[in-house]
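Here is the structure we will look at, set down as structure tokens.
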Amino acid sequence: MLHVRPRRSALAALAASSLLLLSACDGDTAPAGAGTKARSAPSAPPEALTADQAQQALVAVADLPAGWQLQPDTGLDKSQGAQEEVISGVKPVCAPITAVLNTGRLEEDRKANAQAVFTKKGDTTTVAQDVSGYARAEAEKAVAALRTAVGQCGTFTGTMGGKKTVLTVKKAAGLPAYGDESVGYTVRIVQGGTTQMDFDMATLRSHGAVTTVWNNYSDTGDRGTTAFRKAVAAAGAKLVAAAAGTP
């Protein structure tokens, strides 16, 4: 199983998005002694998903079957402080897949980010989610690159912890449509012929907001398929609602 990482305080901070408030006077300067009437223009819409909206798009314990627990202060980003778990050295067309495996998201230059990790008591299965906000054109480009990677990177190699790693990717059938587009896929990571990690994954986009839901399961215990499907459905609905007011 690929370990998730406890969040450090710096990693837990979400990128802040601010709304610019505009004000204007109603004309020329008023005569001396007269009051000046001012009015505020409506707040400008956010250019991308905000930090609060990213949090709103996260799956909750109530969205999953009984027995699942939220792991507080835990995230998916292994790019800082966990280099032994970062997969590198892959061919460029396959890089979107390892970007998601390494950080939870497709692109580093996000406007907002939130993550949640759930485990089932007494089992080793992990269901997790990343929500990231981008400019819409960037999100469209990133998901298109992921779709290409899923289609062209059936088997490819990289390096993890200084060891050769083989990744096998397959398109998953039967994923319902969520938001503007959805990509379902499975990933198997094998290292040294013995260490094996398996994932069910779904990446969804609505406007410029992108979420990926993981199901990291082992050969023993519950695969977590029901929880994964429920998480994807909840994530899709919440992402659409959160991104509704963005470009």
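Tell me, which strands (runs of 3 or more DSSP E) wholly within region 99-202 include 2 or more residues that are touching a residue at least 12 places away in the same chain (Cβ under 8 Å) and charged (D, E, K, R)?
Working: elements: 112-120, 126-133, 155-160, 163-171, 181-191.
The strands (runs of 3 or more DSSP E) meeting that bar are 163-171, 181-191.
Give me the residue from region 192-247 that is among the hydroxyl-bearing types (Ser, Thr, Tyr) and modelled with pLDDT under 95 and, out of that set, farthest from LEU58 (Cα to Cα).
Initial filter on region 192-247 (among the hydroxyl-bearing types (Ser, Thr, Tyr)): 194-195, 203, 206, 211-212, 217-218, 220, 225-226, 246.
Keeping just the survivors that are modelled with pLDDT under 95 gives 194-195, 217-218, 220, 225-226, 246.
Numbers: THR194: 34, THR195: 30, TYR217: 20, SER218: 24, THR220: 28, THR225: 18, THR226: 18, THR246: 17 Å.
Only one residue tops the list, namely THR194.
List the pairs whose first member sits in region 51-67 and is in contact (Cβ under 8 Å) with a residue 12 or more places away in the chain, whose second member is hydroxyl-bearing (Ser, Thr, Tyr), and whose Cβ atoms are under 7 Å apart, counting only residues at least 6 apart or on separate chains?
Taking only residues 6 or more apart or on different chains, the pairs are ALA51/SER17; ALA57/THR211; PRO65/THR226.
So, of the residues in region 139-158 that are among the small types (Gly, Ala, Ser) and under 15 Å from the mean Cα position of the chain (by Cα), which turns out to be surrounded by the fewest Cβ atoms within 10 Å (Cβ to Cβ)?
The initial filter retains those residues of region 139-158 that are among the small types (Gly, Ala, Ser), namely 139, 142, 144-145, 149, 151, 154, 158.
So of that shortlist, the ones also under 15 Å from the mean Cα position of the chain (by Cα) come out as 139, 142.
Working: ALA139: 27, ALA142: 24.
Ranking the candidates gives ALA142 first.
Could you say which residue among ARG136, ARG110 is of a type in the set (Lys, Arg), modelled with pLDDT of 95 or more and either closer than 19 Å to VAL59 by Cβ or surrounded by fewer than 21 Cβ atoms within 10 Å (Cβ to Cβ) (or both)?
ARG136
When the residues of region 210-247 are narrowed to those that are β-branched (Val, Ile, Thr), assigned to a helix (DSSP H, G or I) and touching a residue at least 60 places away in the same chain (Cβ under 8 Å), which ends up surrounded by the most Cβ atoms within 10 Å (Cβ to Cβ)?
Within region 210-247, the first condition is being β-branched (Val, Ile, Thr), and the residues that meet it are 210-213, 220, 225-226, 232, 240, 246.
Of the ones still in play, those that are also assigned to a helix (DSSP H, G or I) are 225-226, 232, 240.
After this cut, where a residue has to be touching a residue at least 60 places away in the same chain (Cβ under 8 Å) as well, the list is 226, 240.
Working: THR226: 11, VAL240: 17.
If we take residues in region 210-247 being β-branched (Val, Ile, Thr), assigned to a helix (DSSP H, G or I) and touching a residue at least 60 places away in the same chain (Cβ under 8 Å), then VAL240 is surrounded by the most Cβ atoms within 10 Å (Cβ to Cβ).
Every residue in region 34-64 that is more than 15 Å from the chain's Cα centre (by Cα) and at pLDDT 95 or above, please.
Pass one, region 34-64, residues more than 15 Å from the chain's Cα centre (by Cα): 34-47, 61-64.
Within region 34-64, VAL61, ALA62, ASP63, LEU64 meet the criteria.
Check off (1) out of contact with any Leu (no Cβ under 9 Å at 6 or more places or on another chain); (2) farther than 24 Å from ALA227 by Cβ; (3) surrounded by fewer than 19 Cβ atoms within 10 Å (Cβ to Cβ) for ASP52 and give me the number that stays unchecked.
With respect to (1) out of contact with any Leu (no Cβ under 9 Å at 6 or more places or on another chain); (2) farther than 24 Å from ALA227 by Cβ; (3) surrounded by fewer than 19 Cβ atoms within 10 Å (Cβ to Cβ), ASP52 is out only on (1).
In region 85-98, which residues are farther than 15 Å from ASP198 by Cα, outside any helix (DSSP H, G or I) and among the aliphatic types (A, V, I, L, M)?
Step one: list which residues in region 85-98 are farther than 15 Å from ASP198 by Cα, which gives 86, 88-96.
From what is left, the residues that are outside any helix (DSSP H, G or I) are 86, 88-91.
Passing the criteria: VAL86, VAL90.
List the number of the failed condition for GLY193; all other conditions in (1) within 23 Å of GLN129 (Cβ to Cβ); (2) surrounded by fewer than 22 Cβ atoms within 10 Å (Cβ to Cβ); (3) small (Gly, Ala, Ser) hold.
(1)
The values are calculated or read from the model by the stated rules, or taken from the named source; none is laboratory data. Remember, predicted model here, so these are calculated numbers, not experimental data. For neighbour counting, all protein chains shown are included, and Cβ atoms are generated from backbone atoms with ideal geometry for every residue, glycine included.
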